[in-house]
Structure formats: C-alpha cells, structure tokens
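> Sending over a structure as structure tokens; questions will come in a sec.
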Amino acid sequence: MNSRLRRFLSFSSVPLLLSCGAAAVSDTPADALSAQAQELASGTPAGNGVVLFLNDWATTFAVLDTEVPLNSQAAQSIITSRNGPDGIAHTADDRRFVSIEQVDALPQVGPAALTALETYARGTGRVELPVDGWVGTFHGVSFNVAEARRALAVVNTQPLAALQTTYHVPAVAANAMVAARPFYDILRLGRLPSVDATALQNLKTATQQGEEGDPCTGAATCGTGLHCEGIPYDGSSPYGRCVTTSSLPGDGASCSRFVPCEDGLACHGLDSGATEGWCRPAWMSGEFTAFADLTLQGNTTPRTSTQPVVGLATVPEDITVELDLAHNNPSRLVLTLEDPGGETALLWDGPNEGTPPKRIPVTRGIPRDGSVNGLWKLHIVNPSGVGNGKLREWKLKLTSRWD
C-alpha cells in the first residue's frame, strides 16, 4: 500500500466537502458507528464495493462527476484508465481495476476522491456490511444497514398521510418521497431535495424498533416479544442484537455432526473437538470478521488487530480463530488472542509449533467464565525480526451461553 493511501486511511473519518455535482454529504458517523467502519483497502468490503462500482460500465464520467461526486479531473482519470490506451470503451484493450491501490495511483485521484467513492459505494448498497455497519450520514443523521432497511420499507410503502402523521415526516419532504419512490438505496433518499435533517431523524426515530437479529441499544429499540441482548460492557460497540428468549423445543438436548439440533438451535462443543455437543439457541453463535490489513515487517514488538463482538449471551464456549495471513516466514510468528476482560491465550507459538494453520480452535488459556461480548484482540509478534508479510483479515467464531 503506498503512502498516499495510508494517509487516506488515517483521515477517512473527517468531513468531506465535495467539489461539484450533488450536495456534499459528510462521511463522518455521528456516533460510535465510526469505530465499526472498515478501512478502504483491497479485500475489505468497502474496497471490493468501490472496485466493483468502478468496473461497472454503467459508471460513466457523468456518474462519477455529478452523482458521486468527484471533481472532473479525477473522474476523467478513472474513465481514461478503464478505457485503455485507445481511449474507447468496450474494446480489447479495456482495463479492469483489481485493487484500491491501483485506483489511488491514478493522476488526480487522492484521499478526497477515495473517500467520496467509498461514501457512494456504501450509500448505494455496494458494500457488504453487518446489520450494524454504517452506510451513510445525511444532514447529520447516520444510518446503519438495519436502520436504512426499515426507513426505506416505510418510505416505499406507506401512504402520504401515514408518512406525515405516523412517521412525522414534514409535508414537503413526504410529498417529495412519494413522488420519487421507490427508493433502492439510502443515499438517494438522503440526497433528495426537500428531505432535511428533521425528516430523516423523525423517520429514523419512528422506525427504531428492530426485528429479530437487528442491532439494538436497549429494550425500547426491539419489537414486540424481542429482547436486546449482548451490548458490550466495555463500550467497544453501542449495539446488541434483538433476540427472542422464549423457550425452543430441543434446547439443551445432545447433538453431534450426525445428529443435528432442531430448527432455531445450533450445536455447541463440536468446534472445540467434542464428538457430542449440546443444543443452544442459534443466536448464541456468531462469526465476526476483522479486515485487518495489518503489515508485519520484522515486527519484534506486537502488532494488534481488534474486533468487537456483540449480540451473544454472556460467556464463551467454543472459540475458533481463522486467519488470512500472507507471510514469507510464518513459522517465526507468535500469535496471542485476548478476550474483552484481558485474559489471553497463546494462539500459536511459531518457533515451537511451526507455520500457523488457517483455522485454530482455542482450547487453552482463555477461561470460559469471562465476558464474550466486547473487544477481542489478536496480537502478532515476530521475536526473531526475520520475515515480513501481512495479516489481511481474521475471523472469530464463537458460541456462548448464560453464566
């Protein structure tokens, strides 16, 4: 990754004033959502979304210049590169973008352009995100994935009178919404003329009750019969998940690879090496991916990547780490996993155990009576200082139970 892109990653959460076309939209989340925004780097959801957008032939100069919007020089630089040496689209020498670094290296494309591209990709749904992932901030009102879905469902289906009386959308904004619907992304709604902060905030507030699996910040933010579970105590995320805690048939029954649990349940214990496990509600299991993009260059001091965990029960049962690690001397690496309470497990001791595998069940070190929801940390150190590489991403797979 070149130095220009590194500077972009460092400052990507500052407000951006766009130079032309559509009204400027701040990409700054208004709350703790900012901690969950993925960096714009190759292989991350945001990076994949931007590259997909730029390789789409429907992404013309006009789209880049007026809808994203970029300044005209940056927009033309992107189109010129994509069209290849002959400058003509849909010919044999056309080029595809394969990485964010490639886009960043283009003339006239710098941090402001990259930020605008990520904002547009998020707001139009091109970035694959968790339900509490931030998708956009419009007139100071932030939306995560679940909030955007609920708001769009109302705007696309409710009659004009209901938008005004039930959802408290001002008349001018409600009329504009009805005239322009259907909306397929939150960015188009957020940029609609006559839709201001009052309209968006009232709509968001009136649709705050989540469905099962949606993020929540307290009991009042879940629908009827649902409870908000798994908000971390350490402040690493403001969110839990809306879940049903009603009894399910088969909860607590034995299970195995050959004898599955009933619907709505998951078999715990198998990932820790047991041949026979026990059935628990499916929401007590989760996968959490950190797109680390962590450079490891002879690091004799630990480098750390973090991942918040939310929405589970209270304590862990199975703990599994999956690694996407590229390194020219991986057997030199020592990996340690730290739970939200500060307890650690020696995940892998390269000098004594060799090259770390892609998948590592954690069966030692971290106790099963500590907090499962909160900030987990993966520490990587190379005591010898020999070798370099990158931790591209890592996945934490957890099952949990009540303590």
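The values are calculated or read from the model by the stated rules, or taken from the named source; none is laboratory data. Here the structure is a predicted model, which means the values were calculated and not measured. All Cβ positions, even for glycine, are placed from backbone atoms using ideal geometry, and neighbour counts span all protein chains on display. These area figures cover heavy atoms from the full protein model, side chains too; ligands, DNA and RNA do not enter into them. Shrake-Rupley method; radii C 1.70, N 1.55, O 1.52, S 1.80 Å.
> Among 118, 39, 101, which is the only one that is touching a Leu at 6+ places or on another chain (Cβ under 8 Å), at pLDDT 95 or above and of a type in the set (Asp, Glu)?
118
> Taking only region 293-306 into account, find how many residues are open to solvent by less than 40 Å² (accessible area, probe 1.4 Å) and either more than 20 Å from residue 342 (Cα to Cα) or free of Cβ contacts under 8 Å to residues at least 12 places away in the same chain (or both).
Qualifying residue count for the region: 5.
> Search region 109-130 for residues being open to solvent by 40 Å² or more (accessible area, probe 1.4 Å) and part of a loop (DSSP other than H, G, I, E, B), and hand back the single one that is nearest to residue 75 (Cα to Cα).
Ranking the candidates gives 126 first.
> Checking residue 403 against (1) at pLDDT 95 or above; (2) more than 20 Å from the chain's Cα centre (by Cα), which test does it fail?
(1)
> Go through region 167-187 residue by residue and tally those that are part of a helix (DSSP H, G or I), within 19 Å of residue 137 (Cα to Cα) and without any contact (Cβ under 8 Å) to a residue 40 or more places away in the chain.
Final tally of qualifying residues: 2.
> Oh, and also: In region 216-244, how many are open to solvent by less than 70 Å² (accessible area, probe 1.4 Å) and assigned to a loop (DSSP other than H, G, I, E, B)?
Final tally of qualifying residues: 13.
> Determine, yes or no, whether residue 143 is surrounded by 20 or more Cβ atoms within 10 Å (Cβ to Cβ) and of a type in the set (Phe, Trp, Tyr).
Answer is yes for this residue.
> Only residues that are of a type outside the set (D, E, K, R) and within 19 Å of residue 371 (Cβ to Cβ): list them for region 336-350, please.
Hits for region 336-350 are 336, 337, 340, 341, 342, 344, 345, 347.
> May I pose another question? Hey, any hits in region 193-215 for a residue that's part of a helix (DSSP H, G or I), among the basic types (Lys, Arg), over 26 Å from residue 69 (Cβ atoms) and touching a residue at least 12 places away in the same chain (Cβ under 8 Å)?
Looking through region 193-215, none of the residues is part of a helix (DSSP H, G or I), among the basic types (Lys, Arg), over 26 Å from residue 69 (Cβ atoms) and touching a residue at least 12 places away in the same chain (Cβ under 8 Å).
> If you don't mind, another one. Show the residue pairs that are 6+ apart or on different chains and have beta-carbon atoms under 8 Å apart, the first residue being within region 333-346 and touching a residue at least 40 places away in the same chain (Cβ under 8 Å), the second being of a type in the set (Asp, Glu) and surrounded by fewer than 20 Cβ atoms within 10 Å (Cβ to Cβ).
Qualifying pairs under 8 Å: 334/349; 340/234.
> On to the next question. So which residues in region 131-166 are of a type in the set (Ser, Thr, Tyr) and not in a helix (DSSP H, G or I)?
137, 142, 166
> Suppose the filter is at pLDDT 95 or above and loosely packed, with under 15 Cβ neighbours inside 10 Å; does residue 287 pass it?
yes
> Does residue 70 satisfy the condition of being part of a helix (DSSP H, G or I), in contact (Cβ under 8 Å) with a residue 12 or more places away in the chain and either open to solvent by less than 20 Å² (accessible area, probe 1.4 Å) or out of contact with any His (no Cβ under 9 Å at 6 or more places or on another chain) (or both)?
no
> Quick one: would you say residue 100 is open to solvent by 10 Å² or more (accessible area, probe 1.4 Å) and either within 21 Å of residue 393 (Cβ to Cβ) or in contact with a Phe, Trp or Tyr (Cβ under 9 Å, 6 or more places away or on another chain) (or both)?
no
> Looking at 157, 119, 165 in this structure, which one is under 29 Å from residue 309 (Cα atoms) and among the hydroxyl-bearing types (Ser, Thr, Tyr)?
119
> If residue 82 satisfies all but one of (1) open to solvent by less than 60 Å² (accessible area, probe 1.4 Å); (2) part of a loop (DSSP other than H, G, I, E, B); (3) not polar (S, T, N, Q), what's the number of the condition it fails?
(2)
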